[in-house]
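Trainee: Provided herewith is a single structure, encoded as structure tokens, for subsequent inquiry.
The values are calculated or read from the model by the stated rules, or taken from the named source; none is laboratory data. All of these numbers come straight from a predicted model, not from anything done at the bench. Virtual Cβ from ideal backbone geometry, glycine too; neighbours counted across all protein chains shown.
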């Protein structure tokens, strides 16, 4: 690494090698050559004066990119596509006259960018389903462990640790469905010519529309796809970029929510992200266990969430058939959205499979709040034994105020149950208070909801993607 110049931290610190390689120049320019070969081969098959020897020579150098020469040509002609046409032609000299025949720059630009995006989506999908798998295992394990629920970040009715995890899971299953819908609508630009009219190919094939249509079908098929946009200008519709980054943003939103929840739970000492033996939490406070993984997730997620707006502006400012002010922008925004989200999911996997649950702390927090929540149950049981509901209600109110003062003003433990035990008005339940105060009486259908949700909505996703499971989350630094 050259430490004298800026290095993109998405590459050096966060993203996986697979994702960084996916957006590499090597992959991009190899795809260009694959596109030129597919075009020439299809044109030959449809009767143009192109020989098999020319195709074979192009294939010989398909993966041997002469980068230095291409860079030299680009400095000369200020056009990256033509620079690579010339560099390819130096190697495949017999094919030089027919490389890029009838095509515009966006034939290789747009189609290669879409293929790279497809491959990036596949990487994201694999990591997303692995996060889902790890969270599903966690949810089932803790499906019946009671914990305080919170609304407005204030203690509310009990839920379970596993049920809370299904809320994170549900966000991710919605994201998965959005990602699948994006793939179902995925299309290549195809073989459309300079302004999308296919005029150059109509000229090559002497006005034979059927051959022009067959050319596009053949080329796209050779690339492993079967759908193209019915009409385009010079580029594929830039609204697709907005749709794509919106889905990436949705995944980032879910990760952001999870990371914030874990950070709060770690503050409460109920659940922690993994903390390694030699890890340092603070340069000053040696005792600290900062949630650096979840903080990093949130930091990267904030960036990804901000990016769809950029694509919306690009889509809205494409003049007529296209304008080039999208080019430099898109080189940055699309790649970095995927690189950042890849980094987020790497951490998410790592955290989800290594969460540490402190059940005794959770039980302690429940015990400090449950007496207040249990008062209605206590009152109803006393009414069943012949008590007066109104008198019981007033007495519980008075005792609750006393216990609340004990907690807030005196900083002591919640002693409401002790107060009730010493009050004759509640004698009918004195020997049943432990049974009434069992936290599992206050979690409703939470355990069943966990099982049903995973069986009905999560397991089908895992079954459809079982060949992708087994990945581990990597935290590079």
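Trainee: When you go through 212, 247, 219, 231 one by one, which is the residue that is assigned to a helix (DSSP H, G or I), outside the structural domain of residue 36 (by TED's automatic domain parsing) and without any contact (Cβ under 8 Å) to a residue 40 or more places away in the chain? Please lay out each step first, then the result.
Mentor: Numbers: 247 fails: without any contact (Cβ under 8 Å) to a residue 40 or more places away in the chain; 219 fails: without any contact (Cβ under 8 Å) to a residue 40 or more places away in the chain; 231 fails: assigned to a helix (DSSP H, G or I).
None of the other options fit; the residue is 212.
Trainee: Does residue 170 satisfy the condition of being surrounded by fewer than 24 Cβ atoms within 10 Å (Cβ to Cβ) and either assigned by TED's automatic domain parsing to the domain that holds residue 256 or within 26 Å of residue 349 (Cβ to Cβ) (or both)? Break it down stepwise before answering.
Mentor: Working: surrounded by fewer than 24 Cβ atoms within 10 Å (Cβ to Cβ): yes; either assigned by TED's automatic domain parsing to the domain that holds residue 256 or within 26 Å of residue 349 (Cβ to Cβ) (or both): yes.
When the stated conditions are applied, residue 170 passes them.
Trainee: Just to be sure I understand, how many residues within region 460-474 are within 15 Å of residue 169 (Cβ to Cβ) and assigned to a helix (DSSP H, G or I)?
Mentor: 3
Trainee: Also, I was wondering about something else. Looking at (1) farther than 22 Å from residue 114 by Cα; (2) touching a helix residue (DSSP H, G or I) at 6+ places or on another chain (Cβ under 9 Å); (3) at pLDDT below 95, which one does residue 11 not meet, given that it meets all the others?
Mentor: Here residue 11 meets the rest and fails (1).
Trainee: Which one is nearest to residue 469 (Cα to Cα) among residues in region 138-162 that are in contact (Cβ under 8 Å) with a residue 60 or more places away in the chain and part of a helix (DSSP H, G or I)? Step through it out loud before you land on a result.
Mentor: Of the residues in region 138-162, the ones in contact (Cβ under 8 Å) with a residue 60 or more places away in the chain are 138-140, 142-148, 153, 155, 157-162.
Filter again for part of a helix (DSSP H, G or I), leaving 138-140, 161-162.
On the way: 138: 16, 139: 17, 140: 18, 161: 24, 162: 21 Å.
My answer is 138.
Trainee: Further question on the same structure: Exactly one of these conditions fails for residue 56: (1) buried (at least 16 other Cβ atoms within 10 Å of the Cβ); (2) over 30 Å from residue 340 (Cα atoms). Give me its number.
Mentor: (1)
Trainee: Still on this model: Need the failing condition index for residue 103 against (1) assigned to a loop (DSSP other than H, G, I, E, B); (2) touching a helix residue (DSSP H, G or I) at 6+ places or on another chain (Cβ under 7 Å); (3) surrounded by fewer than 16 Cβ atoms within 10 Å (Cβ to Cβ), just the number.
Mentor: Unmet condition: (3).
Trainee: Here's a check for you: in region 437-461, which residue that is under 16 Å from residue 141 (Cβ atoms) and under 21 Å from the mean Cα position of the chain (by Cα) is surrounded by the most Cβ atoms within 10 Å (Cβ to Cβ)?
Mentor: So the residue we want is 458.
Trainee: Give just the number: which of (1) within 30 Å of residue 384 (Cα to Cα); (2) part of a loop (DSSP other than H, G, I, E, B); (3) at pLDDT 85 or above does residue 448 not satisfy?
Mentor: Going through (1) within 30 Å of residue 384 (Cα to Cα); (2) part of a loop (DSSP other than H, G, I, E, B); (3) at pLDDT 85 or above one by one, residue 448 breaks only (2).
Trainee: Does region 192-209 hold any residues that are touching a helix residue (DSSP H, G or I) at 6+ places or on another chain (Cβ under 8 Å), touching a residue at least 40 places away in the same chain (Cβ under 8 Å), closer than 28 Å to residue 319 by Cβ and part of a loop (DSSP other than H, G, I, E, B), and which are they?
Mentor: 192, 193, 194
Trainee: What number of residues within region 412-442 are farther than 17 Å from residue 157 by Cβ and touching a strand residue (DSSP E or B) at 6+ places or on another chain (Cβ under 8 Å)?
Mentor: 0
Trainee: Part of a helix (DSSP H, G or I), within 30 Å of residue 297 (Cβ to Cβ) and at pLDDT 95 or above: does that describe residue 26? Show your work before the answer.
Mentor: Values: part of a helix (DSSP H, G or I): yes; within 30 Å of residue 297 (Cβ to Cβ): yes; at pLDDT 95 or above: yes.
When the stated conditions are applied, residue 26 passes them.
Trainee: So, residue 366, is that one surrounded by 14 or more Cβ atoms within 10 Å (Cβ to Cβ), touching a helix residue (DSSP H, G or I) at 6+ places or on another chain (Cβ under 7 Å) and under 21 Å from residue 268 (Cβ atoms) or not?
Mentor: Values: surrounded by 14 or more Cβ atoms within 10 Å (Cβ to Cβ): yes; touching a helix residue (DSSP H, G or I) at 6+ places or on another chain (Cβ under 7 Å): yes; under 21 Å from residue 268 (Cβ atoms): yes.
The answer is yes for residue 366.
Trainee: Determine if region 364-377 includes at least one residue that is touching a strand residue (DSSP E or B) at 6+ places or on another chain (Cβ under 9 Å) and either modelled with pLDDT of 90 or more or within 30 Å of residue 476 (Cα to Cα) (or both). First the steps, then the outcome.
Mentor: Taking region 364-377 first, the residues touching a strand residue (DSSP E or B) at 6+ places or on another chain (Cβ under 9 Å) are 365-366, 368-370, 372-373.
Narrowing further to those that are either modelled with pLDDT of 90 or more or within 30 Å of residue 476 (Cα to Cα) (or both): 365-366.
There is at least one residue in region 364-377 that is touching a strand residue (DSSP E or B) at 6+ places or on another chain (Cβ under 9 Å) and either modelled with pLDDT of 90 or more or within 30 Å of residue 476 (Cα to Cα) (or both).
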